[in-house]
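**Q** Attaching a single structure in structure tokens format; questions to follow.
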Amino acid sequence: MKHWIQAARLRTLPLSVSGIIVGSMHALAQPTSKIFIYTAVFSWRIFAFAILTTLGLQILSNFANDYGDGIKGTDNADRVGPKRALQSGVISPIAMKRAIILTAALTLISAMLLIYFAFRYTNIGYSLFYLGLGILAIASAIRYTVGNKAYGYRGFGDLFVFIFFGLVSTLGVNFLYSKQLDFDLFLPATAIGFLSVGVLNLNNMRDEASDRKSNKNTIVVKIGGEKAKKYHYFLIVSAMVLVLVFAILSKYQLAQYLFLLAYIPLTKHLLRVSQNQEPETLDPELKKLALSTFALSILLALCMIYGSIITI
């Protein structure tokens, strides 16, 4: 059990639900909602199954990444980060493959229940669209490193993370409540997407040398470590600016700027990355950035809810 928990990479899970929290709490904070009561806008069932589905996708992605990099030999003695399950031999390829199939099945079931509670027997078109989106998300989570044409080996991992853990996670879950696309959320959705990509970029910066030897052509491998740092600055700073602009455009009151507290660890993180000269020492920053993103989503959600309370 310990090895499976390690393979699930628990430190990545808070990051994966950040968009769900922001999109859901935005729905809860709408004037037609009543706090903590089921309404036509917000549903705790939708929230619960959205969280479960997203966690399933993240764990599936982690298992598939362990399996794909393990059988390709990418996870080897040159790798800087913690040893993976297949790499260390504590989990066999067959067992991991079975776990991938089981996790994919459970995630699909959770996604179907999520769709049912969102649309029930109406809006069949929306239901089919979200079902297709769910299947695509599951397939994408697996194909990141698995297969001869794994897109993570061609530098498209950043795009997958931005779309599914940023835009789809935030805007998509909000649509499940309101049945309409809320363009106000585009700014925080993009911000969560950028921060999520930042975690992946940090991981790829740490593994640049070993990835280059294994022909895993991540964006970092393609542009080099120094440019990857500038790319990282762009992701984090842009995310901070986008959330601030969202607050200004939403006419937040002074108390609603509580989310700025999350900018403190984010700024410290940027300073540590700028001063870093040895990529292998970046590993602790992965957890810090993931937790900072989670903290930002929680604080922003609280600010949204506070705004709805003071306007009642």
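**Q** Among Leu181, Leu185, which is open to solvent by less than 30 Å² (accessible area, probe 1.4 Å) and either more than 20 Å from Leu291 (Cβ to Cβ) or assigned to a helix (DSSP H, G or I) (or both)?
**A** Matching residue, one of Leu181, Leu185: Leu185.
**Q** If you don't mind, there's one more thing I want to ask. Asn201 - would you say it is open to solvent by 30 Å² or more (accessible area, probe 1.4 Å) and out of contact with any strand residue (DSSP E or B) (no Cβ under 8 Å at 6 or more places or on another chain)?
**A** Judged against the criteria, Asn201 is not a match.
**Q** Restricting to helices (runs of 4 or more DSSP H) lying wholly in the stretch 57-173: which have 3 or more residues that are closer than 29 Å to Thr190 by Cβ?
**A** The helices (runs of 4 or more DSSP H) meeting that bar are 93-119, 124-143, 157-162.
**Q** Give the stretch 90-122 a look and list any residue that's open to solvent by less than 70 Å² (accessible area, probe 1.4 Å) and farther than 30 Å from Lys2 by Cα, or say none.
**A** Passing the criteria: Ile115, Phe117, Ala118, Phe119.
Condition check ((1) among the acidic types (Asp, Glu); (2) more than 15 Å from the chain's Cα centre (by Cα); (3) modelled with pLDDT of 95 or more) across all residues:
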| position | (1), (2), (3) |
| --- | --- |
| Gly155 | no, yes, no |
| Phe160 | no, no, no |
| Leu171 | no, no, yes |
| Asp182 | yes, yes, no |
| Phe186 | no, yes, yes |
| Ala189 | no, no, yes |
| Phe194 | no, no, yes |
| Ala209 | no, yes, no |
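**Q** Go through the stretch 238-257 and report how many residues are part of a helix (DSSP H, G or I), in contact (Cβ under 8 Å) with a residue 12 or more places away in the chain and open to solvent by 70 Å² or more (accessible area, probe 1.4 Å).
**A** 1
**Q** Can you pull out the residues in the stretch 215-267 that are farther than 24 Å from Lys288 by Cβ and touching a Leu at 6+ places or on another chain (Cβ under 7 Å)?
**A** Scanning the stretch 215-267 gives a single hit, Val245.
**Q** Considering the stretch 6-26 alone, what residues qualify as being modelled with pLDDT under 90 and in a helix (DSSP H, G or I)?
**A** Once the filter is applied, which keeps residues that are modelled with pLDDT under 90 and in a helix (DSSP H, G or I), the stretch 6-26 yields Gln6, Ala7, Ala8, Leu10, Arg11, Thr12.
**Q** Can you name the number of the only condition in (1) in contact with a Lys or Arg (Cβ under 6 Å, 6 or more places away or on another chain); (2) aliphatic (A, V, I, L, M); (3) open to solvent by 20 Å² or more (accessible area, probe 1.4 Å) that Val221 fails?
**A** (3)
The values are calculated or read from the model by the stated rules, or taken from the named source; none is laboratory data. Keep in mind it's a predicted model, so treat the numbers as computed, not measured. Note: ideal-geometry Cβ built from the backbone for every residue, glycine included; neighbour counts use all protein chains shown. Heads up: the accessible areas ignore ligands, DNA and RNA and are worked out on the full protein's heavy atoms, side chains in. Shrake-Rupley method; radii C 1.70, N 1.55, O 1.52, S 1.80 Å.
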